[in-house]
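Down below is the structure, laid out as structure tokens.
The values are calculated or read from the model by the stated rules, or taken from the named source; none is laboratory data. Note that the structure is a prediction, hence the values are computed from the model and not measured. FYI the Cβ positions are ideal-geometry reconstructions off the backbone, even for glycines, and counts take in every protein chain you see. Please note that ligands, DNA and RNA were not included when accessible areas were found on the heavy atoms of the full protein model with its side chains. Shrake-Rupley method; radii C 1.70, N 1.55, O 1.52, S 1.80 Å.
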Amino acid sequence: MSFQSGYIAVVGRPNVGKSTITNELIGQKLSITSHRPQTTRHRINAIDTQKDYQMVFIDTPGIHIGNKKAINSYMNKAASSSFGDVDMVIWLVEALKWTKEDARVLEHLSKVDIPVILCVNKVDKLNSIDQVLPYLETLGEKFKANDVFPLSAFDRSHTKELRKLILKYLPIQKAIYDEDYITDRSQRFVVSEFIREKLMRNLSNELPYDITVEIEKFDLDGKMYRIAARIFVDKPSQKSIVIGAKGEMLKKIGRESRISIEGFLESKVFLELWVKVRQGWSDDKRALASLGYD
Ligand SMILES: Nc1nc2c(ncn2[C@@H]2O[C@H](COP(=O)(O)OP(=O)(O)OP(=O)(O)O)[C@@H](O)[C@H]2O)c(=O)[nH]1
Ligand SMILES: [Mg+2]
């Protein structure tokens, strides 16, 4: 059997489970996830290298409509540009749900001529798997996917089956990345994302959408990483919410971030967080570029 490798774009509207399934497929937490739509903002390659194959999953921001800030156009571009240069696509929808944003993803997919596996995610939320059958039928009328696979991202037997399906389409060629790579992104990037994940998960309302994170210090000191990060908010009032009464919120975010960063770096971490106001950053192209959105 010859070695197979290739790029697999993971696409879909926000909140369908793209980052969750990407992590499950590579067997490691790399991409950030939360219950909120528009969690992922940047493309990230997640690489799984095995004896016979290398799968390079490209987790993308959810394609969305409605919000019109510069950051939204950055996110949509980051997602739609991934359709062009890949060997195949995993398109995620959520069982029994179909929105205008799913239709937008469909428009993009209609323009490309590569294999598409349509995954109908979150079937664990259904009372019975039979409930999904009429939904699959209407999906089939909308789009002719190479395969349609109802699944739950959390079910290991499902992700195992999905890997087998991917191998049906993955080109025969040598590995794209050295076998010890798990991502194309830097450790600093992943660490800043892990902090943003805790902000997304802990803060309510619209606040997380006005936040970004920048790493200021990333030093290895003996066996310990000393990391300092700045959390940018949009308005002064948001700064006190992120810090919380007696600093409790920032402490909680710091604690949770440190634990997940330690898991990723497999080392002890000393983490310092600072909150700073940078008004209008999410709708300012120059500010976005300087904050890594380019
Ligand atoms: N019940 C259930 N929940 C799931 C499943 N897959 C993902 N989720 C949940 O759905 C929510 C969104 O998951 P994400 O992986 O962040 O979704 P995403 O598509 O990457 O979202 P964006 O980055 O915002 O585009 C999280 O709360 C996940 O835990 C699943 O199979 N079943
Ligand atoms: Mg995501």
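One residue alone among Ile32, Ile44, Ile26 is of a type outside the set (D, E, K, R) and over 9 Å from the mean Cα position of the chain (by Cα), and that residue is Ile26.
From the list Leu96, Leu109, Leu92, the lone residue that is farther than 16 Å from Asn146 by Cβ and touching a strand residue (DSSP E or B) at 6+ places or on another chain (Cβ under 9 Å) is Leu96. The residues of the range 113-143 that are among the polar types (S, T, N, Q) and either open to solvent by 20 Å² or more (accessible area, probe 1.4 Å) or in contact with a Pro (Cβ under 6 Å, 6 or more places away or on another chain) (or both), listed by number, are Asn127, Ser128, Gln131, Thr138. Among residues of the range 27-46 that are closer than 15 Å to Thr183 by Cβ, those with a beta-carbon under 6 Å from a residue that is more than 6 Å from ligand 1 (Cβ to nearest atom) and open to solvent by 30 Å² or more (accessible area, probe 1.4 Å) at least six positions away or on a different chain give the pairs Ile44/Arg185; Asn45/Asp184.
Checked against the criterion of being of a type outside the set (Lys, Arg), open to solvent by less than 50 Å² (accessible area, probe 1.4 Å) and away from ligand 2 (no atom under 16 Å from the Cβ), the candidates Asp59, Asp52, Asp48 yield just one match: Asp48. For the range 186-202, the criterion of being away from ligand 2 (no atom under 16 Å from the Cβ) and either loosely packed, with under 11 Cβ neighbours inside 10 Å or within 25 Å of Lys51 (Cβ to Cβ) (or both) is met by no residue. Does any residue of the range 50-58 turn out to be within 11 Å of ligand 1 (Cβ to nearest atom) and modelled with pLDDT of 95 or more? Among the residues of the range 50-58, not one is within 11 Å of ligand 1 (Cβ to nearest atom) and modelled with pLDDT of 95 or more, which makes the answer no. The combined condition, being open to solvent by 10 Å² or more (accessible area, probe 1.4 Å) and within 15 Å of ligand 1 (Cβ to nearest atom), is fulfilled by Lys77. Considering each residue of the range 251-261 in turn, none proves to be over 24 Å from the mean Cα position of the chain (by Cα) and hydrophobic (A, V, I, L, M, F, W, C). Condition check: more than 21 Å from Gln28 (Cβ to Cβ), charged (D, E, K, R) and free of Cβ contacts under 8 Å to residues at least 12 places away in the same chain. Does Asp124 satisfy that? So Asp124 fails the test.
Going by the conditions given, is Ile8 among the hydrophobic types (A, V, I, L, M, F, W, C), over 24 Å from Ser73 (Cα atoms) and more than 9 Å from ligand 2 (Cβ to nearest atom)? Taking the combined requirement at face value, the residue does not satisfy it. Examine the range 144-157 for a residue that is surrounded by fewer than 15 Cβ atoms within 10 Å (Cβ to Cβ), modelled with pLDDT of 95 or more, assigned to a helix (DSSP H, G or I) and not assigned by TED's automatic domain parsing to the domain that holds Glu272, and state whether such a residue exists. The answer is yes; a qualifying residue exists. Applying the condition of being out of contact with any strand residue (DSSP E or B) (no Cβ under 9 Å at 6 or more places or on another chain) and closer than 19 Å to Asn72 by Cβ to the range 204-227 and asking which residue is least open to solvent (accessible area, probe 1.4 Å) yields Pro208.
Taking the range 31-60 as the range and being in contact with a Phe, Trp or Tyr (Cβ under 8 Å, 6 or more places away or on another chain) and assigned to a loop (DSSP other than H, G, I, E, B) as the test, the residues that pass are Ile32, Gln38, Arg41, His42, Asp52.
Checked against (1) out of contact with any Lys or Arg (no Cβ under 9 Å at 6 or more places or on another chain); (2) in a loop (DSSP other than H, G, I, E, B); (3) buried (at least 16 other Cβ atoms within 10 Å of the Cβ), His108 meets all criteria but (2).
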